[in-house]
Each structure stands twice: as structure tokens, then as C-alpha cells.
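Structure record follows, encoded as C-alpha cells.
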Amino acid sequence: MQPQVSALELRAKTGGAAIRKIPIARVELDAREFAAVRKVLESGRLRAGRVTQAFENEFTRAAGARHAVAVNSGTSALFLAYRALLEPGDEVIVPDFTFAATAAMVVAAGCKPVFADVDPETCTLDPHEVERRLTRRTRAIAPVHLFGGPADVAALASLARRHGLRIIWGAAQADGAEFGGGGGGAFPDIVCYSFYPTKNMTTGEGGMLTTSDAKLARKLRLLSSHGEASRYSHILLGYNFRLTDIAAAIGRVQLRKLPAALRRRRENARILTRGVAGLPGITTPRAGSGANHAYCLYTIVLEPKALGMNRDQFQRALLRQGVETAVHYPLPLHRQPIFRGYGSDRDFPVSTRLAECVVSLPVRPGLTRPDLERIVQAVREIVSTRK
């Protein structure tokens, strides 16, 4: 929950004038998205059709994959990936520090999530922790490219090859992230994307799966649409997870905007890092070796003792200056009520600490240079007053 600040507090620094807020996220659409949606509406063909197919083809090329299957959410993408690759009872190793859907969809697919701790610098799945949790029932690992920073692709892929494991990559926050100079959509076995409004590109709600395996792509497509191989001929137990042409129309425009949006996000992140790096009690985000961060989120890690305040106090102080923040995520998975009994804080010291200390600052493409300077100045002022 975001810390609440009264209207009186927001006016305090300007002698009564309201401070303009800098939102942590904002959907940025223009006439191109409206025109694309209008064209679909006027056609009368609203369900998944030619526009969705065009979106899949364009996303395939952009992601560096061979096949893409559009679905109605990133959560649906995860569920279908587990459903396509695993059998009931299989174990899947997931990071303890991530959004709940990564593990919840393992359970929904009839499998068992096994939590592993994360790297303290990248906040992504630690390959050494994965090795420690392998059992004879382990069939897959589900790394997450958290906040837009790629996981350790090389190490995790090598581990998977050695142990005969499948990989389901969580790229909900990583549209445009790169590793080793290539797009994330080319990683084996399946990459799952989300197009929720806070992501690097949006369709309102929506998701995508990419793979380089033609047979697997066909199975994913069947599962996403009632297992229907031909009209009213159902060869698999499937679901209705299709994306609509209305959403796909938005997605096609957003995909064309993505390169420019990524450049802005990365430049905004550089400005923030130059401004706050080195301040006591603050660690700025970093990508792993060979990775190019997509900065869906600009998430810093606080050290309360060095900073002289806890996270709630830090957020409140920023909000008094009109800077909105967010926490991704306030609970590690092992503390989530639905995962009681999956481990203790002692088992996951890094994810436990991160959940208590992470804060995301605004980094979206629509920020102006004065916005960024305000954010930096606010952070620096807060830190200086606590010395």
C-alpha cells in the first residue's frame, strides 16, 4: 500500500500552492492507437483474427523468436507454458522474490513450485540457489527478468542443459531487454510477456508467448483456443485465452513505439543513476554481465540504517515533494498467505531483505528533464537532511 500524504502536507513546501505530482506510471497513448482501434471497430471483426495474427508476426520479429502466440494476459501466458511443458506433480524452481503469478500458475497447472533465493545485485534467480534445490522431481525452472533486467541467462541455460530441465522465462517487465546482444524472445524453451498498462508496452490487458519450437507453438495455440484444431474439432483440453483484435491493434502501435520508448527509459535511468548513485543508504539498479536493462521499473534498494529512515518514511518524504513511488514487491513469495509452509526467512535471506527495502522511482518515457531533476533533487534533499 502506498503511504498516504494529506493535501496540507503536499502544499507545505510551496506556501499553500499544490505541488504537481510526478506519477510512478501513466499509460501513454496518442491518435495512432485510437485510429487503430477505430479501424477494428468499424470492421465489425473484434475477436482474434487478422489483426492479432499480424501482431504475432510483428512481435516474433521484434523479439528475435520464430513463433509467437498472443493471449489475454501475462498470467495466461505463464499458465499455458506450464501446461504445455509439464505434467501434474512436476516441480518447478521459481524465484522467491517476484510477482505471485510466477508461482501461482505452477500450482494452477497441477505442479509444485519450489522457491529459490535471488542474486542481491540483479534481484533475479540465483543459479547457485537453483542447484541447491534440485530434486529428482524437478522438471523446469522459471527465471524472471525482474524490473526489466535480464536474469543470468547463460548460467541458467547451462544449468538447465546439464540437468535436462525446461525453462519458462518470465519477461512480463522485460519487453526490449537484451542479453548477449540478442532479444529475449529467442531463449529456449518459452518466454512469457505481459502487456498490462504499467509495462513497457500495453494492449490494455494481454500477453504473448514466444518459442523457437514449431510443435510447441502449435500446442500453445491449441491450448489458448479450446484445443480446437479445426472448426468444432477439439483435440486437446484447452481454454479461451485469446487476445482480441481490438487489443492487438493497440499492441501493434505500441510495438512500433517500443524502440523509442526504450531509449527514453534507458536515458531516464542514466539520469537518475548519475543523480543518486553514491548517496549513503541507496543502491541503484544494475543489469548482469552482458545484459541490457529495459527499465520497466527503476528500483533502488535502501539501507535503512545508513539512510537514517525506513522505507515508509522515505516514501512519505518523497510524496511530500510530489514524487510518487511504489514497492515491487512488499512480500517475498514464501510470506504470501497462499504459500504458507514453503519456507522461512532463514531460507531466503536475500529476497526477505529486498522485500523490506526496495522502492521504485518514476522512469517512464513521458518524464521531462525537469521531472527527472525534481526526482533527483528530492532524493538528495531527503538523504542530506537525515545525516
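The values are calculated or read from the model by the stated rules, or taken from the named source; none is laboratory data. Bear in mind that the values here come from a model prediction, so they are computed numbers and not experimental data. Glycine gets a Cβ as well: all are built from the backbone with ideal geometry, and neighbour counts include every protein chain shown. The area values use the complete protein model at the heavy-atom level, side chains included, leaving out ligands, DNA and RNA. Shrake-Rupley method; radii C 1.70, N 1.55, O 1.52, S 1.80 Å.
Scanning the range 314-326 for residues that are in contact with a Ser or Thr (Cβ under 7 Å, 6 or more places away or on another chain) and either part of a loop (DSSP other than H, G, I, E, B) or surrounded by fewer than 20 Cβ atoms within 10 Å (Cβ to Cβ) (or both) gives 325, 326.
Scoring residue 105 on the criteria (1) in contact with a strand residue (DSSP E or B) (Cβ under 8 Å, 6 or more places away or on another chain); (2) within 18 Å of residue 174 (Cβ to Cβ) leaves a single failure, condition (1). Can you find even one residue in the range 167-183 that is modelled with pLDDT of 95 or more, in contact with a strand residue (DSSP E or B) (Cβ under 8 Å, 6 or more places away or on another chain) and open to solvent by 50 Å² or more (accessible area, probe 1.4 Å)? Scanning the range 167-183 turns up no residue that is modelled with pLDDT of 95 or more, in contact with a strand residue (DSSP E or B) (Cβ under 8 Å, 6 or more places away or on another chain) and open to solvent by 50 Å² or more (accessible area, probe 1.4 Å). Right, residue 295: out of contact with any helix residue (DSSP H, G or I) (no Cβ under 9 Å at 6 or more places or on another chain), of a type in the set (Ser, Thr, Tyr) and either at positive phi or modelled with pLDDT under 95 (or both) or not? Criteria not met by residue 295. Test residue 142 against the stated conditions and say whether it is surrounded by fewer than 24 Cβ atoms within 10 Å (Cβ to Cβ), under 26 Å from residue 258 (Cβ atoms) and among the hydrophobic types (A, V, I, L, M, F, W, C). The answer is no for residue 142. Scanning the range 277-313 for residues that are under 24 Å from the mean Cα position of the chain (by Cα), buried (at least 18 other Cβ atoms within 10 Å of the Cβ) and not β-branched (Val, Ile, Thr) yields a count of 13. Counting residues in the range 149-167 that are closer than 29 Å to residue 264 by Cα and part of a strand (DSSP E or B) gives zero. The single condition among (1) free of Cβ contacts under 8 Å to residues at least 40 places away in the same chain; (2) assigned to a helix (DSSP H, G or I) that residue 88 does not satisfy is (2). Consider the range 335-352 and keep the residues that are in contact with a helix residue (DSSP H, G or I) (Cβ under 9 Å, 6 or more places away or on another chain), open to solvent by 10 Å² or more (accessible area, probe 1.4 Å) and in a helix (DSSP H, G or I). The one that is farthest from residue 273 (Cα to Cα) is 338.
Quick grid of which residues meet (1) in a helix (DSSP H, G or I); (2) open to solvent by less than 10 Å² (accessible area, probe 1.4 Å); (3) over 19 Å from residue 75 (Cβ atoms):
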{"residue": "205", "(1), (2), (3)": "no, no, no"}
{"residue": "210", "(1), (2), (3)": "no, yes, no"}
{"residue": "219", "(1), (2), (3)": "yes, no, no"}
{"residue": "243", "(1), (2), (3)": "no, yes, no"}
{"residue": "249", "(1), (2), (3)": "yes, yes, yes"}
{"residue": "256", "(1), (2), (3)": "yes, no, yes"}
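The residues of the range 148-166 that are open to solvent by less than 20 Å² (accessible area, probe 1.4 Å) and out of contact with any strand residue (DSSP E or B) (no Cβ under 8 Å at 6 or more places or on another chain) amount to a single one, 148.
Residue-by-condition table, conditions (1) out of contact with any Lys or Arg (no Cβ under 6 Å at 6 or more places or on another chain); (2) on the phi > 0 side of the Ramachandran plot; (3) of a type in the set (D, E, K, R):
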position	(1), (2), (3)
46	yes, no, no
64	yes, yes, no
77	yes, no, no
82	yes, no, no
87	yes, no, yes
93	no, no, no
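For the range 91-121, residues that are among the small types (Gly, Ala, Ser) and not in a loop (DSSP other than H, G, I, E, B) total 5. Does residue 55 satisfy the criteria of being of a type in the set (A, V, I, L, M, F, W, C), farther than 19 Å from residue 209 by Cα, touching a Gly at 6+ places or on another chain (Cβ under 6 Å) and surrounded by 21 or more Cβ atoms within 10 Å (Cβ to Cβ)? Judged against the criteria, residue 55 is not a match.
Anything in the range 292-313 that is closer than 24 Å to residue 268 by Cα, in contact (Cβ under 8 Å) with a residue 60 or more places away in the chain and in a loop (DSSP other than H, G, I, E, B)? List them, or say none. Answer for the range 292-313, where residues must be closer than 24 Å to residue 268 by Cα, in contact (Cβ under 8 Å) with a residue 60 or more places away in the chain and in a loop (DSSP other than H, G, I, E, B): 293, 294, 295, 296, 297.
Whether any residue in the range 298-316 is within 22 Å of residue 27 (Cα to Cα) and small (Gly, Ala, Ser) is what I want to check. So far as the range 298-316 goes, no, none of its residues is within 22 Å of residue 27 (Cα to Cα) and small (Gly, Ala, Ser). Picking from residues in the range 221-241 that are assigned to a helix (DSSP H, G or I) and either open to solvent by less than 70 Å² (accessible area, probe 1.4 Å) or aliphatic (A, V, I, L, M) (or both), the one that is farthest from residue 360 (Cα to Cα) is 222.
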